[in-house]
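Undergrad: For reference, the structure I am asking about is given below.
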Amino acid sequence: MATVTAAPATTPVLADLLPKAATRLGAQARELALVGGGAALTGLAAQLSVNVPGSPVPVTGQTFAALLVGTALGARRGIASLGLYLLAGAAGLPWFAGASSGWAMASFGYVIGFVLAAGLTGALARRGADRGPLRTGLAMVLGNLAIYAVGVPYLALALHVPLARAAELGLYPYLVGDAIKAALAVGALPLTWKLLGRRG
């Protein structure tokens, strides 16, 4: 009788395949570079922004970047990276969507959700969720759900509207775009592992 064995929690993520540092100081610098690089990538992707008529939530590349950063770096680094993105942007660094910054915006809940999503997709990647198309797709869907689970209620509170209205403004118009982003991840991540010869 065949048995199914779950992938161990120590499965490498893509960042683990980068060359190791020879010294402790070098290892710390490597970690800081990965965390800072993930935050910078998200900030850069956020500038790919298109306003949606009638909604304060633009379509951006930052959602896709946040999910990829979490998947590539793992949960611990992913949370640190998107946490840095959130804190620096809230403090005034203009790298939120459309070169904006600050926390007093209706869409700030989505930025909080990015931190949760990076942690979730990173944890799933540690269990091999980025190695095959089906598992990658599921990880991306769960990551998006984590973002909306924070972003939509926050939007409702910020705009003083019912949750159903917040979903109309900040959820339904973005589902097609999220499906396209998930499809890109489904194609890119398993292919990257296959090319690296480390498919699990």
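Undergrad: Quantify, in whole percent, the carbon and sulfur part of the accessible surface of the chain (1.4 Å probe; protein heavy atoms only).
TA: Within the chain, the accessible surface is 73 percent carbon and sulfur.
Undergrad: Once R0 is set to 45 Å, what does the formula 1/(1 + (r/R0)^6) return for the Cβ-Cβ distance between residue 25 and residue 191, expressed as a FRET efficiency to the nearest 0.05?
TA: 0.85
Undergrad: For a Förster distance of 25 Å, can you work out the FRET efficiency between the beta-carbons of residue 175 and residue 149, rounded to the nearest 0.05?
TA: Here the calculated transfer efficiency is 0.95.
Undergrad: A further question follows. For the stretch 83-186, with every protein chain kept in place, what is the accessible area per residue (1.4 Å probe, Å²)?
TA: Each residue of the stretch 83-186 exposes 45 Å² on average to a 1.4 Å probe.
Undergrad: Running Debye on the chain with equal point scatterers at the Cα sites and no solvent, what base-10 log of I(q)/I(0) appears at q = 0.15, 0.16 Å⁻¹?
TA: Evaluating at q = 0.15, 0.16 Å⁻¹ gives log10 I(q)/I(0) of -0.89, -0.99.
Undergrad: Run the simple label-point estimate for residue 183 and residue 161 please: 7 Å along Cα→C-beta, distance reported in nm.
TA: Each label point lies 7 Å from its Cα, and together they span 2.8 nm.
Undergrad: Right, next: So for each of 142-155, 62-75 I average, over its residues, the number of other beta carbons within 10 Å; can you give me the resulting order with the highest mean first?
TA: Ranking the peptides 142-155, 62-75 by packing returns 62-75, 142-155.
The values are calculated or read from the model by the stated rules, or taken from the named source; none is laboratory data. Bear in mind that the values here come from a model prediction, so they are computed numbers and not experimental data. Methodologically, a virtual Cβ is constructed for each residue, glycine included, from the backbone with ideal geometry; neighbour enumeration extends over all protein chains shown. Keep in mind that these areas ignore ligands, DNA and RNA; they rest on the heavy atoms of the full protein, side chains included. Shrake-Rupley method; radii C 1.70, N 1.55, O 1.52, S 1.80 Å.
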